[in-house]
Amino acid sequence: MFSRKKLDTSELAIGMYVSKLDRPWLETSFLLQGFLISSENDLKLMREECDFVYIDLAKDQRDRLKKKQEEEIERRSGVDRRIATGLYKIMSKFNYQTKTKVEEEIDVAKEIHKELDASIKECVESVRAGKIIDLRGIKVATTKMKECIIRNPNTFMLLKILKAKDSYSYSHCLDSSALCIAFGRHLGVSN
């Protein structure tokens, strides 16, 4: 024997076991006679198709689902603590200091930007012409950009903001690289 309770569909919650409807099961979209409400979609359908239902209190799963959710939250917070601890260890290894003023670094950054822009254009032209791509120029310029950002991360960020975009693709490559390097510096990633 089981205990039933009549509930308005607005009172239903995930984890309740519906044992009887206010209409014949065949007049609804529910395939089974009696089921556990396991999703918001189940609740939505119930509320659309019925005014009230009977739930089986003996098969109620709300406490179990609540406990499972609490365990999942606890598990995730433990993972978050481990990640934060790991990041702290990484960041404490590398203590970056801003070594130059933006005014001192901006001309260097402009030259590096031009060099990288030219290298990217050269690669794109090689691809269009079906030639072998030579990435040495990009590698050299990217290394210079990384060193510039390590010395002062604001320089390339200001250059990015101030630079007039002549071609989206080229600027996007340069800007993305600068943002990634600056973010890596912020996280304390080694050179």
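One table, with the values for the structure above:
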{"read-out": "Test result for Asp56, in contact with a Phe, Trp or Tyr (Cβ under 7 Å, 6 or more places away or on another chain) and modelled with pLDDT of 80 or more", "value": "yes"}
{"read-out": "Failed criterion for Leu87 (all others in (1) assigned to a helix (DSSP H, G or I); (2) under 30 Å from Val140 (Cα atoms); (3) at pLDDT 75 or above hold)", "value": "(3)"}
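The values are calculated or read from the model by the stated rules, or taken from the named source; none is laboratory data. All values derive from a computational prediction rather than experimental measurement. Counting neighbours? That spans all protein chains shown, and the Cβs are built from the backbone with ideal geometry, glycine included.
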